[in-house]
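What follows is one structure encoded as structure tokens, with my remarks underneath.
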Amino acid sequence: MRVSVVTVSDRSFRGEREDLSGPALRDYLRERGVEVEAMEVVPDEEEDIVRVL
């Protein structure tokens, strides 16, 4: 199985806060044999979220 991890956070997107949940989820998935193809941080805006999905 291959997945992408998308973090939705205005502050992380602007660089004001480190994204901790995305890397934590990536590590959790990898430990279980899941291939994480990509990681992306997007702002909490519908059009940005839809764009990455």
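Brief remarks on what is shown
- Taken as a whole, the structure leaves Arg32 outside the set of residues that are surrounded by 13 or more Cβ atoms within 10 Å (Cβ to Cβ) and of a type in the set (Lys, Arg).
- Selection status of Glu40, touching a helix residue (DSSP H, G or I) at 6+ places or on another chain (Cβ under 9 Å), among the charged types (D, E, K, R) and surrounded by 15 or more Cβ atoms within 10 Å (Cβ to Cβ): yes
- In the stretch 1-18, residue surrounded by the fewest Cβ atoms within 10 Å (Cβ to Cβ) [restricted to those that are of a type outside the set (Ser, Thr, Tyr) and closer than 20 Å to Glu47 by Cβ]: Arg14
- Scope the stretch 9-34; condition among the aliphatic types (A, V, I, L, M) and either in contact with a Gly (Cβ under 7 Å, 6 or more places away or on another chain) or touching a residue at least 12 places away in the same chain (Cβ under 8 Å) (or both); matching residues: Leu25, Leu29, Val34
- The stretch 35-53 residues that are more than 19 Å from Arg11 (Cβ to Cβ), paired with ones that are modelled with pLDDT under 95 and in a strand (DSSP E or B) (beta carbon under 7 Å, 6 or more apart): Glu35/Arg2; Glu37/Arg2
- The chain holds helices (runs of 4 or more DSSP H) entirely within its bounds, and those carrying 3 or more residues that are acidic (Asp, Glu) map to 46-52.
The values are calculated or read from the model by the stated rules, or taken from the named source; none is laboratory data. This structure is a prediction, so every number in the text was calculated from the model and none was measured. Ideal geometry is used to build each Cβ from the backbone, glycine not excepted, and the neighbour counts take in all protein chains shown.
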